Amino acid sequence: MPGKKKYTCLIIDDEPLAIKVIQEHLENFSDQIECIGTYTKPIEAIPLLNQGDIDLLFLDINMPSISGIEFLKAIPNQPYVIFTTAYREYAVDAFDLNALDYLVKPISTGRFLKAINKFLSLEQTQQSKPKEIIHIKAGKKNYNIATDNILYIEGVDNYIKIKTTSNNLICYESLSSMEKELPAGVFMRIHRSFIININQIDHYTSSYIQLGDRQFTIGRNYKEQVLRHLETQ
């Protein structure tokens with residue numbers, strides 16, 4: 001269909017035969033999904049993943065150099081992830097990392113179809129929502145930033161640091177005034193110095209929240225409200 005978006009995916013698996021099986025399954029979706037890279041060594045995929053242009057990642061779990069679980073925790077710009085593994089016991093860990101699906105090898109056509117349809121449905125729903133944009137002045141430059149791309153905001157003295165998926169911006173305004181500009185339900189004040197994007201959370205406990213490689217302490221005065229909100233997500 002002319003003008004229809006074609007999604008991109010990567011496959012990471014230490015077994016070339018397993019990669020070939022996924023590629024064969026993907027041929028049934030060649031008009032919608034393009035595999036732009038396959039890797040038997042996870043580390044080699046990092047430069048492409050860091051560009052943030054990958055929509056879907058097929059990721060094996062039990063690999064010799066680094067497990068798929070640990071590898072995913074280290075990726076700052078995470079695409080949708082479908083884990084592929086011969087072992088069922090990793091399912092809880094996988095879904096704790098917000099994996100889209102968990103496919104146990106050997107992967108049947110029907111089970112693969114179900115996982116892909118889940119991905120396509122989520123992507124199409126996401127595209128139908130208009131992106132919220134906020135206008136930010138940092139130094140002498142003005143930026144229009146999609147709020148989806150903001151990871152967190154840190155208040156420091158009389159300015160704030162805005163961490164996005166591609167930038168670090170410094171703005172001379174208060175954290176409280178920035179909080180009022182952000183969409184409710186997506187951003188949350190968890191500490192007097194921090195606002196985070198809850199859609200970017202990797203995991204959390206009763207005392208801290210993990211976003212990528214950054215850990216944030218939940219402020220004592222915010223804890224009850226923060227945990228109540230997170231537990232309803």
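The values are calculated or read from the model by the stated rules, or taken from the named source; none is laboratory data. None of the values given here were measured: they were computed from a predicted structure. Here Cβ is always computed from backbone atoms with ideal geometry, including for glycine, and neighbour counts include all displayed protein chains. Surface areas here come from the heavy atoms of the whole protein model, side chains and all, with no ligands, DNA or RNA. Shrake-Rupley method; radii C 1.70, N 1.55, O 1.52, S 1.80 Å.
In terms of solvent-accessible area of protein heavy atoms at a 1.4 angstrom probe, what is the ranking of 135, 25, 203, highest value first?
Final ranking, largest accessible area leading: 135, 203, 25.
Just 40, 165, 109 to compare: in a GNM of the chain, with alpha carbon springs under 10 Å, which one fluctuates most?
109
With each pseudo-label sitting 7 Å past Cα toward Cβ, what's the residue 27-residue 132 distance in nm, one decimal?
For the pair residue 27/residue 132, the computed spacing is 4.5 nm.
Step through the table entries 137/180; 141/163; 140/161; 6/41; 73/163; 137/163, compare each Cα-Cα distance with 20 Å, and write down the pairs that go over it.
6/41
Label residue 225 and residue 199 with points 7 Å out from Cα along Cα→Cβ: what is the distance between them in nm?
2.2
Heads up, I need the accessible area for residue 35: 1.4 angstrom probe, whole protein in place, Å², nearest 10.
Approximately 50 Å² for this residue.
Using a Förster distance of 25 angstrom, determine the FRET efficiency expected from the C-beta separation of residue 6 and residue 66, and round it to 0.05.
Calculated transfer efficiency: 0.25.
Can you tell which of 84, 205, 147 shows the greatest fluctuation in a Gaussian network model of the chain with Cα springs below 10 Å?
Result for the chain, Cα springs under 10 Å: 205 fluctuates most.
Mean residue ellipticity at 222 nm from the helices of the chain, using -39,500 (n - 2.57) per DSSP H segment of n ≥ 4 over the full residue count, to the nearest 500 deg cm²/dmol?
My calculation for the chain gives -8000 deg cm²/dmol from helical runs alone.
For a test of the definition: using alpha carbon positions, the gyration tensor, and the 1.5 limit on a/c, classify the range 48-172 as rounded, prolate or oblate. Intermediate results must be reported in sequence, preceding the final value.
Working: a/c = 3.31, a/b = 1.96, b/c = 1.69.
Note, shape of the range 48-172 comes out prolate.
Rounded to the nearest percent, how much of the accessible area of the chain (1.4 Å probe, protein heavy atoms only) is carbon and sulfur?
Carbon with sulfur: 47 percent of the solvent-accessible area.
Taking only Cα atoms and a 10 Å spring cutoff, compute GNM fluctuations for the chain and point out the largest among 14, 53, 213.
Most flexible of the set in this elastic network: 213.
Once each part is reduced to its C-alpha centroid, what is the distance from the range 153-213 to the range 45-91 in angstrom?
What the calculation gives is 25 Å, centre to centre.
For the chain, with every protein chain kept in place, what is the accessible area per residue (1.4 Å probe, Å²)?
Roughly 57 Å² per residue, with all protein chains present.
Would you mind getting me the FRET efficiency between residue 20 and residue 144? Use the beta-carbon distance for r and R0 = 30 Å, nearest 0.05.
That pair, residue 20 with residue 144, gives E of 0.10.
Under a 5 Å amide H to amide H cut-off, with H placed in plane at 1.01 Å, what residues pair with residue 211 once short-range neighbours are removed?
202, 216
Mind listing the phi-derived Karplus ³J(HN,Hα) values for the range 64-70, rounded to whole Hz, using 6.51, -1.76 and 1.60 with θ = phi - 60°, and x for any glycine or proline?
x, 7, 7, 6, x, 4, 5
Only one of the values [x] -0.40, -1.01; [y] -0.44, -1.09; [z] -0.38, -0.88 was calculated from this structure for log10 I(q)/I(0) by the Debye sum over Cα atoms at q = 0.09, 0.15 Å⁻¹; name its label.
[y]
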